[in-house]
Structure formats: C-alpha cells, structure tokens
Amino acid sequence: MGQNRYDVLIIGSGPAGLGAAIYAVRAGLRTAVIDRSPVSGGQVLTTYEVDNYLGFPGLSGSELSDKFRMHADNLGVSFITADVQGVENAASEKIVHTAEGDFAASAVILATGASHSKLGVPGEEKLSGMGVSYCATCDGAFFRNRTVAVVGGGDVAVEDAVFLAGICKKVYLIHRRDKLRAADSLQKKLLSLENVEVIWNSEVKEIAGEDIVEGVSVYNNVSKAQSSLAVNGVFIAVGIVPNTEMFQGMVEMDEKGYILADETCVTSQKGIFAAGDIRKKTMRQIITAVADGANAVYSVQNYFMEQA
C-alpha cells in the first residue's frame, strides 16, 4: 500500500486522538490521524470557555483545540481529511476504508468520540456555546450567581442540577415526565435544595436570545399550557451517543454502544484500541480523553513487542 501504510492510524482528532498522535510520533511510530473535519478538537470546539484543563485556564474551546493541533503539527503528525467508511480487520494489518482511498496500519486507535443528544429545538444550535451547554462541570462556573435551566431527568441531569445549585442563584430542572429516572439518593439530594425548582411534565420548545441565552419556552404536556422562563443558561443532559456505529460487530460494546475497554484502551480485537469518549468509562472530560490517548499508545507499543 506504499505511502498509505502506517504503524498506527488514529481515527478522530479530538483530545484523545491528538493526545495519542503526540505520544505515537514521539515513540517513533509512523502515524496518521484521519478525520472527516479538517478542524481538530471534537466536542471541545463547542465549549465557550475551558477553565478546568491544567495549565490553560480561561481559554475558549477553539483556542485550546488550536493549541492541541499546533502541538501535533509541530511534531510532524500527518493528518488525512477523509470520511471513514469502515475498518477491515485483516490478518496481518488493519485497513481503514475512506472516501479518499484505503489506508493500512499495524494498529488502529479508535477515537471518534461521542455526541451529545440534542433537543432539536429553535435556538439550540444558534446559541450553542453562548449559554447553551452540554457539560455543567465544564461551563457551570461561568454562571455563578445566575439563573439556569437543566433539561433531563436521568442521573447526569440531576447531578448537573445539584452541582449548579451550589454556584447558581436559581436552577430549574425541566423534565418531560412526572418522575425522575435518576438514582433515589440523587433525587433526595436534589429535592432538598431550596434554590432548585423542578418543572414536571414539561418540554423545552425553544431557546430564546439574540447573541446569548435569555430564556426558554416551556410546554406542559399534561395541561397543554405554554410558558416562558427567564434564564441565563441552558444545560442539556438528555444523553450522549458514542460515535461507534461503523465499528459494530468488530469490537465488543455495551448495550449503549460504548466500546468495552479499560484504562489500557485495549479492546476485544487484537491491534485495535479505543480512547476517549467512545470507551465505557466513568468520567468523560478533556483531561481524561488526553490521558486515554497516551495509554492507548503505550498499549500499542506493548502489542508491537508481543508481535515481534
């Protein structure tokens, strides 16, 4: 396969993919990162400001992504802009099929990340990063002493509401049913907080604001009444979907589609590794994704030594 042959191919150029790329090149491995977008960063690009990544406080998501990409570029990482269509697990090598042709490698690191489930309502996309957030622990501090809404009813939504209640003046939790799906212990904690108000049987129909979030339009699916809430931020916690569809049947996954791999990032298939938000893990943050990238390359090196 000539110049399209690498030691390791990394699919995805978010924090996990770029972290892996840096470690792989420094380890002397012929490395390339494949992503359908020419702009690296993944979900980080939609974050208005990142204040919890060590050593880089106060940067916007795009600024931090630029620094990650610049680091990789300066080390000579090769980037291929192509839409990956599938990975063939051949006997002696892995073949990554793309719209731009096929690429071969001895090992592949899957780092395609995950996507936050969206409400799909007017204003959501327009105000993403301008008051609309999908990560309370990432962006909550920017709403200190302000009024916010959390949308959802599961563990993440309730955890987000509890977290935000500690720093915000008022927190609305908007849930489309008459009971929460979160663990009982979380529910008790939530309902004990004086500055939290649960809006039951309700759905957000629109997020209002010109340049920043100013409020939400809420529809009660029981009374059929529509109302408005004045809020400064909206935290959407209605689920996360791992971007693993193309890898179904190739590596073992859980019922939600997360790849089963521990901190070594080793999957059920030899020579294929999973890093970042696509693997089953407890915490999905920028810093843990970068760490996954490093761990994945360490495992790749061990795999190569075993094959020698």
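The values are calculated or read from the model by the stated rules, or taken from the named source; none is laboratory data. In this text, all values refer to a predicted model and were calculated from it rather than measured experimentally. A quick note on method: Cβ atoms are made from the backbone with ideal geometry, for glycine too, and the neighbour counts reach across all protein chains shown.
Return the residue satisfying two criteria in turn: it lies in segment 214-237 and is β-branched (Val, Ile, Thr) and surrounded by 15 or more Cβ atoms within 10 Å (Cβ to Cβ), and of such residues it is nearest to residue 155 (Cα to Cα). Give the derivation first.
Just the residues of segment 214-237 that are β-branched (Val, Ile, Thr), to begin with: 216, 218, 222, 231, 234, 236.
Subsequent filtering for residues that are surrounded by 15 or more Cβ atoms within 10 Å (Cβ to Cβ) retains 216, 218, 231, 234, 236.
On the way: 216: 22, 218: 22, 231: 22, 234: 17, 236: 13 Å.
Residue satisfying both the conditions and the ranking: 236.
Which residues, taken from segment 216-248, are among the aliphatic types (A, V, I, L, M) and under 30 Å from residue 89 (Cα atoms)? Full working, then the answer.
Residues of segment 216-248 that are among the aliphatic types (A, V, I, L, M), as a first pass: 216, 218, 222, 225, 229-231, 234, 236-238, 240-241, 246.
240, 241, 246 - these are the residues of segment 216-248 that are among the aliphatic types (A, V, I, L, M) and under 30 Å from residue 89 (Cα atoms).
Across segment 171-194, the qualifying residues are those that are hydrophobic (A, V, I, L, M, F, W, C) and over 25 Å from residue 225 (Cβ atoms), and the one among them that is surrounded by the most Cβ atoms within 10 Å (Cβ to Cβ) is 182.
Checked against the criterion of being in contact (Cβ under 8 Å) with a residue 12 or more places away in the chain and out of contact with any Cys (no Cβ under 6 Å at 6 or more places or on another chain), the candidates 192, 268 yield just one match: 268. Total residues in segment 1-40 satisfying the condition of being buried (at least 23 other Cβ atoms within 10 Å of the Cβ), closer than 30 Å to residue 128 by Cβ and free of Cβ contacts under 8 Å to residues at least 60 places away in the same chain: the figure is 3. Only one of the numbered conditions (1) assigned to a loop (DSSP other than H, G, I, E, B); (2) surrounded by fewer than 17 Cβ atoms within 10 Å (Cβ to Cβ) is violated by residue 141, and that is (1).
The condition of being assigned by TED's automatic domain parsing to the domain that holds residue 270, on the phi < 0 side of the Ramachandran plot and among the aliphatic types (A, V, I, L, M) holds for only one of 173, 191, 110, that being 110. Scanning segment 99-127 for residues that are buried (at least 19 other Cβ atoms within 10 Å of the Cβ) and outside any loop (DSSP other than H, G, I, E, B) turns up 103, 105, 106, 107, 108, 109, 110, 114. Quick one: count up the residues across segment 80-105 that are in contact with a helix residue (DSSP H, G or I) (Cβ under 7 Å, 6 or more places away or on another chain) and either farther than 15 Å from residue 247 by Cβ or of a type in the set (Lys, Arg) (or both). Result for segment 80-105: 4. Examine segment 67-80 for a residue that is touching a Phe, Trp or Tyr at 6+ places or on another chain (Cβ under 9 Å), modelled with pLDDT of 90 or more, closer than 30 Å to residue 234 by Cα and not acidic (Asp, Glu), and state whether such a residue exists. Yes, some residue in segment 67-80 is touching a Phe, Trp or Tyr at 6+ places or on another chain (Cβ under 9 Å), modelled with pLDDT of 90 or more, closer than 30 Å to residue 234 by Cα and not acidic (Asp, Glu).
The one condition from (1) over 10 Å from residue 234 (Cα atoms); (2) in a strand (DSSP E or B) that residue 150 does not meet is (1). Within segment 61-88, the residues that satisfy the criterion of being part of a loop (DSSP other than H, G, I, E, B) and in contact with a strand residue (DSSP E or B) (Cβ under 7 Å, 6 or more places away or on another chain) are 77, 82, 83.
Could you go through segment 195-213 and let me know if any residue there is touching a helix residue (DSSP H, G or I) at 6+ places or on another chain (Cβ under 9 Å), surrounded by fewer than 16 Cβ atoms within 10 Å (Cβ to Cβ) and assigned to a loop (DSSP other than H, G, I, E, B). If you could, list the steps in order and put the result at the bottom.
In the first step, residues of segment 195-213 are kept if they are touching a helix residue (DSSP H, G or I) at 6+ places or on another chain (Cβ under 9 Å); the result is 195-196, 198.
Remaining after also requiring surrounded by fewer than 16 Cβ atoms within 10 Å (Cβ to Cβ): 195.
Add one more test, that the residue is assigned to a loop (DSSP other than H, G, I, E, B), and what stays is 195.
Scanning segment 195-213, I find at least one residue that is touching a helix residue (DSSP H, G or I) at 6+ places or on another chain (Cβ under 9 Å), surrounded by fewer than 16 Cβ atoms within 10 Å (Cβ to Cβ) and assigned to a loop (DSSP other than H, G, I, E, B), so the answer is yes.
One residue alone among 52, 89 is modelled with pLDDT under 95, out of contact with any Phe, Trp or Tyr (no Cβ under 8 Å at 6 or more places or on another chain) and closer than 27 Å to residue 174 by Cβ, and that residue is 52.
Within the set 28, 61, 14, the sole residue that is at negative phi and at pLDDT 95 or above turns out to be 14.
Is it the case that segment 226-246 has a residue that's part of a helix (DSSP H, G or I) and within 17 Å of residue 11 (Cα to Cα)? Break it down into steps so the answer makes sense when it comes.
So in segment 226-246, the residues part of a helix (DSSP H, G or I) come out as 245-246.
Filter again for within 17 Å of residue 11 (Cα to Cα), leaving 245-246.
For segment 226-246, residues part of a helix (DSSP H, G or I) and within 17 Å of residue 11 (Cα to Cα): present.
Beta carbons closer than 6 Å, at least 6 apart along the sequence or on distinct chains, pair a first residue in segment 76-103 that is at negative phi with a second that is in a strand (DSSP E or B) and of a type in the set (Gly, Ala, Ser) for 78/32; 80/32; 93/104; 93/106; 94/105; 95/104; 97/86. Please tell me if residue 84 is surrounded by 15 or more Cβ atoms within 10 Å (Cβ to Cβ) and farther than 30 Å from residue 124 by Cα. It is false that residue 84 is surrounded by 15 or more Cβ atoms within 10 Å (Cβ to Cβ) and farther than 30 Å from residue 124 by Cα. Looking only at segment 41-65, which residues are of a type outside the set (S, T, N, Q) and free of Cβ contacts under 8 Å to residues at least 24 places away in the same chain? Passing the criteria: 45, 55, 56, 57, 58, 59, 63.
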